[in-house]
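Have a look at the structure below before the remarks.
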Amino acid sequence: MDFTLKFDGQSKEPLYMQLYQHIKEEIQKGILDAGTRLPSIRQLSSYLNVSKNTIELAYQQLIAEGYVDSRARSGLYVVENNTDIIPIKKAQAKLFDEVLNEHKETFEYDFRQGRIDLEHFPYTTWRKLSNQVLFPENKSNFLYGDPQGELELRREIAQYLYQSRGVNCSLSQILVGSGIQQLLTTFCQIIGVNNQSIAIEEPSYDGARMVFKNLGFNLHPILLDETGINMEHLKISDANVVYVTPSHQFPCGMIMPYSKRMELIQWAEHRNGFIIEDDYDGEFRYIGKPIPSLQGLDPNGRVIYLGTFSKALLPALRMSYMVLPKYLLSVFKRNFASYEQTVSKIHQITMQLFMEEGHWERHIRKMRKIYQKKHATLISSIINIMDDKVNIVGSHSGLHILLQVNNKMTEKELVQTALRNKVKVYPTSIYFNDLRHINKPLIQLGFGGLTEHQITEGIILLNKAWFE
């Protein structure tokens, strides 16, 4: 270890005393534990660029006062603190342990949306491909990558999006990024953030709303109707950009029908504006025929398509993608030419191999069946156990539903009562820009990270908490 300190050249105190004081204080504060080995005189002299005599004098003073002990042919070690020698009280917590000492209670029945099923992740396959990327003969994988994302990965994404979501794009239009929020930030910078107005669904994904708010956009929350964003309200707003989640409205769950999608595209053309289509969990649909993405229906390049690997694969990969219209791509290349890629090149190439060898499609098919069973278990458990005491909202796709609870409890009371019964559920008020738009409290239940047994047991406990 080394010590980083700034010597005061104007001080009358010699350098060795300044070094001695610094090390002594580190010991007294508990930052240097008993048994910590100090750097050698030669090492510290070289590191601090001071003479060996300076280091030796400081160390001799520490030995003389009993702060450190010299061991033959081994070095100097911090001794156990002695309160008779050290009058200054040791810090309550060590410097590096101060931040997170909170006890975080875990719950067996945690209905958090965004949690996925980790039991069925193909660990062996992913590890094999990841190791392959790290072979010595693949040294180029360890260098900086393409600012837009690795070419072959973008090719795989373009093919997948066309086949599964009807997205029409070339690989040159795809931008890989470390999460939807990072890509939204990039898009906002591409179109400019000065006095821009943007319409968002009300309620909507709070992570996106925060991006727009932090960048200084004028927000226009547009209330929903039974099929998604209310077009009449959108048309009378002065926004020329709108953020929507048409395949599975977040958090309410409705699927935007074809007719409204075409109306939205016409709105963007008339306004000379843009539609941001966040297809965050479009892989998981349980009822009805698939509807092509807005991007695939748009003939004029007004839709910016966003997708992610977080819901279907692993959130920790931090890998999402954005499809830009071609004329915005030229702006990106001009203004972001010096920006480096935000996603690990190693992860990107692993994902490329995962897709090339067919593992991705197999994994999607497998997880779709697993989540469909969990979804069915959740819906049937609610109907059989809670009956008409609740209303289910948004149950056609995705990895969460909403519950409207027919009792007199507030949202906060519903959440806290569930916690007291060892079940963790989540509020939806955080997704509203204006809390006055909330008529009745809605509770969010995510089911991806729970087993079918846990889902059923959790609903039994919720029924007990809320109605018994």
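Tabulated data
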| quantity | calculated |
| --- | --- |
| Any hit, segment 194-210, residues being open to solvent by 40 Å² or more (accessible area, probe 1.4 Å), over 28 Å from Ile443 (Cβ atoms), in contact (Cβ under 8 Å) with a residue 24 or more places away in the chain and assigned to a loop (DSSP other than H, G, I, E, B) | no |
| Residue satisfying all of: in segment 398-416; of a type in the set (Val, Ile, Thr) and more than 20 Å from Leu450 (Cα to Cα); surrounded by the most Cβ atoms within 10 Å (Cβ to Cβ) among these | Val405 |
| Restricting segment 225-246 to residues that are in contact with a strand residue (DSSP E or B) (Cβ under 6 Å, 6 or more places away or on another chain) and open to solvent by 20 Å² or more (accessible area, probe 1.4 Å), the residue that is nearest to Arg261 (Cα to Cα) | Asn230 |
| Checklist (1) in a helix (DSSP H, G or I); (2) out of contact with any Cys (no Cβ under 6 Å at 6 or more places or on another chain) applied to Ala158, failing item | (2) |
| Residue that is least open to solvent (accessible area, probe 1.4 Å), among those in segment 248-269 that are farther than 21 Å from Ile430 by Cα and of a type in the set (S, T, N, Q) | Ser259 |
| Every residue from segment 154-207 that is aliphatic (A, V, I, L, M), farther than 28 Å from Leu224 by Cα and within 21 Å of the chain's Cα centre (by Cα) | Ile157, Ile174, Leu175, Val176 |
| Unique match (being over 30 Å from Lys128 (Cα atoms) and modelled with pLDDT under 95) among Ile460, Ile438, Ile385 | Ile438 |
| Options Ile31, Ile23: the member that is among the β-branched types (Val, Ile, Thr) and crowded, with 18+ Cβ neighbours inside 10 Å | Ile23 |
| Qualifying positions in segment 270-312 - without any contact (Cβ under 8 Å) to a residue 40 or more places away in the chain, of a type in the set (D, E, K, R), crowded, with 20+ Cβ neighbours inside 10 Å and not in a loop (DSSP other than H, G, I, E, B) | Glu277 |
| Out of Gly166, Gly145, Gly179, Gly149, sole residue that is under 30 Å from His375 (Cα atoms) and buried (at least 16 other Cβ atoms within 10 Å of the Cβ) | Gly179 |
| Contacts under 9 angstrom Cβ, first residue in segment 168-189 being under 16 Å from Tyr339 (Cα atoms) and modelled with pLDDT of 95 or more, partner open to solvent by 40 Å² or more (accessible area, probe 1.4 Å) and among the acidic types (Asp, Glu), 6 or more apart | Val176/Asp146 |
| Positions within segment 178-193 being in contact with a strand residue (DSSP E or B) (Cβ under 8 Å, 6 or more places away or on another chain) and outside any helix (DSSP H, G or I), in sequence order | Ser178, Gly179 |
| Residue in segment 416-425 that is in contact with a Leu (Cβ under 7 Å, 6 or more places away or on another chain) and in a helix (DSSP H, G or I) present | yes |
| Segment 114-129 residues that are open to solvent by 70 Å² or more (accessible area, probe 1.4 Å), paired with ones that are part of a loop (DSSP other than H, G, I, E, B) (beta carbon under 9 Å, 6 or more apart) | Arg115/Leu399; Arg115/Phe447; Arg115/Gly448; Arg115/Gly449; Arg115/Leu450; Leu118/Leu314; Leu118/Gly449; Glu119/Thr451 |
| Evaluation of Leu175 against (1) within 20 Å of Tyr327 (Cα to Cα); (2) assigned to a helix (DSSP H, G or I) (one fails), failing number | (2) |
| Residues satisfying the stated conditions in segment 326-354, i.e. open to solvent by less than 60 Å² (accessible area, probe 1.4 Å) and either in contact with an Asp or Glu (Cβ under 8 Å, 6 or more places away or on another chain) or farther than 18 Å from Phe274 by Cβ (or both) | Gln341, Val343, Ser344, Lys345, Ile346, Gln348, Ile349, Thr350, Met351, Gln352, Leu353, Phe354 |
| Where Glu65 falls short, out of the listed (1) over 39 Å from the mean Cα position of the chain (by Cα); (2) within 18 Å of Thr4 (Cα to Cα); (3) open to solvent by 30 Å² or more (accessible area, probe 1.4 Å) | (2) |
| One residue from Ser380, Ser395 being open to solvent by 10 Å² or more (accessible area, probe 1.4 Å) and assigned to a helix (DSSP H, G or I) | Ser380 |
| Verdict on Val167 being more than 16 Å from Glu277 (Cβ to Cβ), not small (Gly, Ala, Ser) and not in a helix (DSSP H, G or I) | no |
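Rundown of residues vs (1) of a type in the set (A, V, I, L, M); (2) in contact with a Phe, Trp or Tyr (Cβ under 7 Å, 6 or more places away or on another chain), yes/no style:
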site	(1), (2)
Tyr144	no, no
Gln148	no, no
Gln163	no, no
Gln196	no, yes
Gly216	no, no
Leu219	yes, yes
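Quick grid of which residues meet (1) among the polar types (S, T, N, Q); (2) in a helix (DSSP H, G or I):
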| residue | (1), (2) |
| --- | --- |
| Gln372 | yes, yes |
| Ala376 | no, yes |
| Asp388 | no, yes |
| Ile443 | no, no |
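The values are calculated or read from the model by the stated rules, or taken from the named source; none is laboratory data. Treat the numbers as computed from the prediction; the structure is a model and nothing was measured. Glycine gets a Cβ as well: all are built from the backbone with ideal geometry, and neighbour counts include every protein chain shown. Accessible surface areas use protein heavy atoms only, side chains included; no ligands, DNA or RNA. Shrake-Rupley method; radii C 1.70, N 1.55, O 1.52, S 1.80 Å.
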